[in-house]
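Please treat every number below as a calculation from the coordinates, not as lab data. All of these numbers come straight from a predicted model, not from anything done at the bench. Neighbour counts run over all protein chains shown; Cβ positions are idealised from the backbone, glycine included.
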Amino acid sequence: TQVSSLQQTVAADLALKFYDELEQLRAPRFANCRLHLPCISFCVTEVRRIHSQNQEALIMYKIKADGLNDLLVITKEILVQFWRAKPIQQTFLLVRPWDRYLLGVPDFAEQPDFADDQKSVEYGTELGSPMDYSDRPPSGLPVEEEPGLRALRLMVRLEQPFDAFLLAQQRVGEYKRIASDYNIIAQVKDIASIDSMDVGTVEIL
């Protein structure tokens, strides 16, 4: 399986450390007209504009980022470093927004209705056939896994392609999202290099 194969390639202590860092992130929130977005970020190392004869209103950029396969971004926006009047170098990030799915955490809003389960128990009791659940785990509750196994499952999920945001730095610690006409699909190049991924919260204007 993918989990067992990763045991040979990913250091267990690094996987556990990364899991703990993600687990400690706060949920996304708005404050002072800014979105505080918990995420995994990748530093963009190169942005190259690709000229195309088609779709004149759209601009295509080839993006290179630490830890990710090269990808394309299609947008109507001209990045400041390609302005004709006064090009300016700018710092970019590709980020993967935090999602409870990565940690394998259940969404309790979607748990079964325990009221219905109680009705079923009462119904069975009325018929004179009491039901014993002592040997069964409560319905809908997650089975506890070893921390090392949870961390490896996280690594498996991180290997999958994901929807990314392209962010352009405006001021220190503040970013603007670059609107894209198509989903930006990114993928980690080598999951063994998880030390190249930064976990934290960015402020988006």
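Read phi for every residue in region 71-80 and hand back ³J(HN,Hα) as whole Hz from Karplus 6.51 cos²θ - 1.76 cosθ + 1.60, θ = phi - 60°, with x for Gly and Pro.
These are the phi-based 3J(HN,Hα) values: 8, 10, 10, 10, 8, 8, 8, 8, 5, 4 Hz.
What distance in nm separates the simple spin-label points at H51 and D181, each placed 7 Å from Cα in the Cβ direction?
1.8
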